[in-house]
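Here the structure comes first, spelled out in structure tokens, and everything after it is commentary.
What follows is calculated from the coordinates using simple rules that are stated; it is not laboratory data. On a predicted model such as this, the values are computed, not experimentally measured, just so you know. Positions of Cβ are generated from backbone atoms using ideal geometry, with glycine treated the same way; all protein chains shown enter the neighbour counts.
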Ligand code: BGC
């Protein structure tokens, strides 16, 4: 069996749950994505109902692979952290839960890891040798490490303790909004420190910056004074969905 050429990707975030069928040759959506707001009660039951609704919305993807991202550590389908979602997720077998909700096997992985898989295959990290660090700036900070094209899953460098703070509580785009910072203030006072610390710990060859705010990358990336080349994600906000679909398809791949 070769790798399927289409797949359904679903991206669970703190503010929205989004899905679309993906063309895995091009990394593009086959149809406009569906976004449903994440309910205030963001525990497993309401979230899995929304995941099932998104699946039903795309009958053309029925029978194909389904990949689902989660904004926390996911090991072998089980959630181990949920910084920006209901804490009751911790310890949940999300793979079993979603498989039951949608009626077919699913692959569940960390949201930043999914974005990095997509950027590696189709985007800003395509063809890059060496070590790529992906950071997604959103409600939190997601990170993913890709070494010689292979993902090292579940890095959590958004939670580095820097100057006595959880890094994402100061440097995420959520923190920028919360504290009413301009782009220069955010870049100079928060991102500069974050990226300096992380480049000294990881020594990546390239840093890719994703998350919704990467659309405005020209307003903050040029202000950063760091040694590592740093570029905006090419897929922007679609990377999570595309990477989820890709990961699910790869899991089905057989020799
Ligand atoms: C979580 C990560 C996640 C990131 C972005 C962080 O708070 O710990 O696992 O990738 O937020 O959603």
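Some points to look at:
- Whole-Å distance, taken between Cα centres, linking region 1-29 and region 108-164: 18 Å
- Whole-number percent relative contact order across region 127-234, with pairs defined as alpha carbons under 8 Å at least 6 apart: 29 percent
- Residue exposure sequence - 199, 168, 28 - by fewest surrounding Cβ within 10 Å: 28, 199, 168
- Once the Cα-Cα distance is subtracted from the 0.36 nm per residue extended length, the residue 205 to residue 129 segment shows a gain of 26.5 nm.
- Viscosity 1.567 mPa s, temperature 4 °C, Stokes-Einstein D of region 130-255 from Kirkwood C-alpha radius, µm²/s: 86 µm²/s
- FRET E, pair residue 49, residue 90, Förster distance 22 Å, beta-carbon r, rounded to 0.05: 0.65
- Spin-label pair residue 62/residue 28, simplified geometry with 7 Å Cα→Cβ offset, distance in nm: 2.7 nm
- The chain: angle of helix 192-202 to the longest principal axis, Cα-based, in degrees nearest 10: 70 degrees
- Residue with peak Gaussian network fluctuation, the chain [Cα springs, cutoff 10 Å], from 158, 210, 91: 91
- Shape call, the chain: gyration tensor on alpha carbons, a/c limit 1.5: prolate
- Considering only 241, 141, 198, the mean-square fluctuation computed in a Gaussian network model of the chain, springs between alpha carbons under 10 angstrom, is largest for 198.
- Residues residue 15 and residue 147, FRET efficiency given R0 of 30 Å [Cβ-Cβ distance, rounded to 0.05]: 0.45
- Residue 159 paired with residue 225, simple spin-label distance in nm, labels 7 Å along Cα-to-beta-carbon: 3.3 nm
- Mean separation of Cα contacts under 8 Å, 6 or more apart, over the residue count of the chain: relative contact order %: 25 percent
- Separation in nanometres of the label points that stand 7 Å from Cα toward Cβ, at residue 76 and residue 182: 5.2 nm
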